[in-house]
Amino acid sequence: MFRSAFRHFSSEYFKKMVVHKNPDISVQSKNFAKNFLKKKSEIIKKEISVSEPLWKEPQLDDNDDDLTEEQQMEKQIQKLEPSSRPVVYNLSYYVNKNPVLRTFVQMGVFIRKWDKDPSVAKLVLSLDLDKNVKPFLVFLHDIGVPSENHAFIITKNPAVFQDSLQDLNNRIEYLKSKKFSKEDIVKILCKAPKWLSLNVQEVDTRLGWFQKEFGLTGAELREVVTERPKLVTLPTSIAHKVKFGITDFLDYSPESLKSLLLIYPKLFTKKFEQIEANFIFLTQVAKLTHQDIQLFPSVLVYPLQTLKARFAFLKFLDRIQFDPTKANFVRFTECF
């Protein structure tokens, strides 16, 4: 009671003080407020009269009478400005709208891998099912690629749709001219689908480099490439760095280098830093020789922590005996 009475008394006193002591200020404020509200109302009326309504009834064509409500709505969405269209972050949004993507999903293609590259997504959305996809599937069937591998090839190399069927046939004919069998060609494409995107000149240059640098015969080259086709699809700089490191830093002879390639071609697709770290551990801690490693070069690409753990386990069992001429011999590579 006291507080409300005090607030009423204070407000009435303040009004009387403002009106009686400063009459000019009170009148001036009232006039300013009236003029401001009058101008504001005029501006609002002009904006309402000029601006269009927020929503209009969609004008459907005469041909839209046969369309379903969902199809009519989709047609109106397509007419929207790009800024008004829904923001899409993956291709799954288009699966029900695009027959090519729908076919890929039914085949088992992992379209999610394409979301990271907008250029690939743009290429796939521009494909035509009858003009681009079906002829390529027929091409894979004709060269002998099993149908269960079609989805994997498309997933790994969607850029193959940029090349004409004539170019693809030329690349297959080149492999046949180099005496690769039909089975070898199928293995190469299934293991390294990006091989199809390399033109004949690139493939010929890289095959020639491996044959010259490692002193391979034609049969040996075909064997290595069929076993590890990524040797050709990857830049030759990777294999060159590994070759240089093995001969200059790990002290292997050119003959041993060729043996390493024939036994384990995958070695020349790895980073040399990992190979060097494993080699140091195997020779200085595990006391393996160059010849031991040469017989089983796969140990050079195992995770270093795995090598250390297996060696520690053998040490715990007191079974560190890698010399085949002595009793209780344990082959280190069989521990993996």
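The table below gives the values:
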{"quantity": "Percent accessible area from carbon and sulfur atoms, region 94-157, protein chains only, probe 1.4 Å", "calculated": "52 percent"}
{"quantity": "Per residue value of the accessible surface for region 97-138 (all protein chains in place, 1.4 Å probe), Å²", "calculated": "62 Å²"}
{"quantity": "At R0 = 56 Å, FRET efficiency that the Cβ-Cβ distance of residue 141 and residue 314 yields, to 0.05", "calculated": "0.65"}
{"quantity": "Accessible surface, per residue, of region 189-228 when the full set of protein chains is kept, probe 1.4 Å, Å²", "calculated": "49 Å²"}
{"quantity": "Greater than 21 Å apart at Cα, pairs in 230/271; 182/243; 176/270", "calculated": "182/243; 176/270"}
{"quantity": "Residue-by-residue Karplus 3J(HN,Hα) for region 295-304, coefficients 6.51, -1.76, 1.60, Hz, glycine and proline x", "calculated": "6, 9, x, 5, 5, 6, 10, 5, x, 4"}
{"quantity": "For region 259-336 versus region 109-175, the gap between their alpha-carbon centres in whole angstrom", "calculated": "40 Å"}
{"quantity": "Extension gain, residue 249 back to residue 209 (0.36 nm per residue minus Cα-Cα distance, nm)", "calculated": "12.2 nm"}
{"quantity": "Cα→Cβ-extended label distance, 7 Å offset, between residue 149 and residue 176, nm", "calculated": "1.7 nm"}
{"quantity": "Carbon and sulfur %, accessible surface of region 208-324 computed with the full protein complex present, 1.4 Å", "calculated": "56 percent"}
{"quantity": "DSSP-loop trypsin sites (Lys or Arg not before Pro) across region 175-271, with at most 12 other Cβ within 10 angstrom", "calculated": "179"}
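The values are calculated or read from the model by the stated rules, or taken from the named source; none is laboratory data. Computed from a predicted model, the values in this text were never measured in an experiment. Heads up, the Cβs are rebuilt from the backbone with ideal geometry, glycines too, and the neighbour counts pull from every protein chain shown. Heads up: the accessible areas ignore ligands, DNA and RNA and are worked out on the full protein's heavy atoms, side chains in. Shrake-Rupley method; radii C 1.70, N 1.55, O 1.52, S 1.80 Å.
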